[in-house]
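A.B. asks: The following block contains the structure, expressed as structure tokens.
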């Protein structure tokens with residue numbers, strides 16, 4: 001990459017960090033674009049990016065081996081350290097025959113679960129000796145940030161051997177009371193499944209999996225949870241019901257009853273989260289919390305998964321919480337506009353009824 005282009009790239013990255021942008025988009029023929037508080041903001045101070053610039057960023061972000069992966073697979077996800085307190089999670093891909101990139105800024109200073117606005121029940125899940133905990137939600141909902149907060153809490157309060165399997169590594173951890181090993185898919189191991197394949201016989205207490213998306217990875221996570229490990233993982237689902245259904249659907253249909261039985265014993269909880277605009281700027285994290293109890297285990301074992309919503313609604317005293325109830329509270333306290341709450345609600349009519357009772 002030419003010296004002038006290197007300086008331009010550095011200024012773009014610094015601008016993204018200074019504006020606390022969640023994402024930075026780079027593509028040929030367009031100026032850099034930031035996403036700030038859900039809005040796309042073009043950086044008019046920078047010119048439209050030429051092909052030479054976009055080809056040049058590969059020399060900055062990728063090793064020779066990673067360039068080969070990009071050429072073969074037409075996309076790659078990597079981590080890139082930046083300044084002293086952060087890094088970028090970078091998705092490089094081809095569009096219309098040219099290189100494009102989406103970069104997400106990750107601050108190395110991990111926020112606590114309390115700072116994130118998560119209820120105490122989430123911290124309680126980190127004290128489980130075993131079980132599967134799924135942090136779910138759409139892209140950009142802060143799943144990896146919540147997982148990092150959970151790992152940090154375990155590290156500070158327990159003597160555990162923790163292994164993370166990530167694509168790519170986002171937050172880096174230093175040993176405190178625990179020992180933490182971090183493996184990056186594509187650099188330290190070929191795949192999530194390869195890294196998971198031998199863990200049942202290893203001295204590992206806690207496993208964090210960045211992507212619970214492939215059926216074999218999901219099944220391996222359930223197996224580990226049932227073998228006495230605490231397994232934390234991220235999944236792209238919008239509710240506890242969808243999360244449980246996705247786990248069950250990872251098994252062959254002929255094994256559905258067996259899958260229900262295993263998951264009823266192995267699931268510790270689901271934290272399904274999303275971000276909603278805060279009045280005055282910024283975002284608030286809203287989470288649906290499902291905790292395993294006798295009612296949840298019975299529902300999963302019987303396969304009547306749609307009843308989980310009712311269990312959540314009637315189990316608030318045990319720490320469970322529906323996202324719509326939290327949204328209604330935020331509307332009542334003036335922290336979230338009603339239109340934004342309705343846009344994020346799973347049941348718009350139900351949200352309105354909840355708001356009337358608060």
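A.B. asks: For region 310-358, what does the convex hull of the Cα positions come to per residue, in cubic angstrom?
C.D. replies: Spelled out: Cα convex hull of region 310-358, divided by residues, is 74 Å³.
A.B. asks: For the chain, what does -39500 (n - 2.57) per DSSP helix run (n ≥ 4), summed and divided by total residues, give at 222 nm, in deg cm²/dmol to the nearest 500?
C.D. replies: -11500 deg cm²/dmol
A.B. asks: Determine, at each q value in 0.20 (inverse angstroms), the log₁₀ of I(q)/I(0) that the Debye formula gives when each Cα of region 218-342 is one equal point scatterer.
C.D. replies: Debye curve over Cα of region 218-342, log10 I(q)/I(0) at q = 0.20 Å⁻¹: -1.09.
A.B. asks: Based on the Cβ-Cβ distance of residue 347 and residue 197, what FRET efficiency does E = 1/(1 + (r/R0)^6) give at R0 = 41 Å, to the nearest 0.05?
C.D. replies: About 0.50, to the nearest 0.05.
A.B. asks: Taking the inverse of the average 1/r across all pairs of different Cα atoms in region 3-107, what Kirkwood radius in Å do you get?
C.D. replies: 13.9 Å
A.B. asks: Take the Cα pairs of region 48-174, get the Kirkwood Rh, then feed it into Stokes-Einstein at 25 °C and 0.890 mPa s and tell me D in µm²/s.
C.D. replies: In µm²/s, the coefficient is 146.
A.B. asks: Viscosity 0.692 mPa s, temperature 37 °C: give me the Stokes-Einstein translational D for region 5-55 in µm²/s, with Rh taken as the Kirkwood radius over C-alpha pairs.
C.D. replies: Once the numbers are plugged in, D ends up at 299 µm²/s.
A.B. asks: Here is a further query. Expected output is a single nm value to one decimal: the length gained when fully extending between residue 94 and residue 37, i.e. 0.36 nm times separation in residues minus the C-alpha distance. What is it?
C.D. replies: Difference between extended and current length: 17.9 nm.
A.B. asks: On full extension of the chain, what length is gained from residue 238 through residue 18, given 0.36 nm per residue of separation minus the C-alpha to C-alpha distance?
C.D. replies: 76.1 nm is the gain from fully extending residue 238 to residue 18.
A.B. asks: In cubic angstrom, how much convex hull volume per residue do the alpha carbon atoms of region 120-321 span?
C.D. replies: Considering the Cα atoms of region 120-321, their hull volume per residue is 124 Å³.
A.B. asks: Further question: At residue 51 and residue 265, where each label point lies 7 Å from the Cα along Cα→Cβ, what is the point-to-point distance in nanometres?
C.D. replies: 6.0 nm
A.B. asks: Would you please classify the overall shape of region 199-253 from the alpha carbon gyration tensor, given that a ≥ b ≥ c denote the square roots of the eigenvalues, rounded means a/c under 1.5, and beyond that prolate means a/b larger than b/c while oblate covers the rest?
C.D. replies: Prolate, since a/c reaches 1.5 and a/b exceeds b/c.
A.B. asks: Could you check which residue among 79, 269, 334 shows the biggest mean-square fluctuation in a GNM of the chain with a 10 Å Cα cutoff?
C.D. replies: Comparing 79, 269, 334 in the GNM, the peak value goes to 334.
A.B. asks: If we count other beta carbons within 10 Å of each Cβ, what is the order of 165, 338, fewest first?
C.D. replies: Fewest to most other Cβ atoms nearby, the residues stand as 338, 165.
A.B. asks: For the pair residue 172/residue 306, report the inter-label distance in nm, with labels modelled 7 Å from Cα in the Cβ direction.
C.D. replies: In this crude spin-label approximation the distance works out to 5.0 nm.
A.B. asks: Moving on to the next point. With contacts defined as alpha carbon pairs under 8 Å and 6 or more residues apart, what's the relative contact order of the chain in percent?
C.D. replies: Contact order relative to length: 13 percent.
A.B. asks: For a test of the definition: using alpha carbon positions, the gyration tensor, and the 1.5 limit on a/c, classify region 122-219 as rounded, prolate or oblate.
C.D. replies: Since a/c stays below 1.5, the shape of region 122-219 is classed as rounded.
A.B. asks: Go through 227-234, 302-309 and give me the packing order, highest mean Cβ count within 10 Å leading.
C.D. replies: 227-234, 302-309
A.B. asks: Which residue, 72, 297, 11, tops the fluctuation ranking in a GNM of the chain built on C-alpha contacts under 10 Å?
C.D. replies: 72
A.B. asks: Mind listing the Cα extents of the chain along all three principal axes, in Å, largest one first?
C.D. replies: Here the Cα extents, ordered largest to smallest, are 63, 53, 42 Å.
Coordinate-derived values only; no laboratory data. Predicted model, so just to flag it, every value in this text is computed and none were measured. Note: ideal-geometry Cβ built from the backbone for every residue, glycine included; neighbour counts use all protein chains shown.
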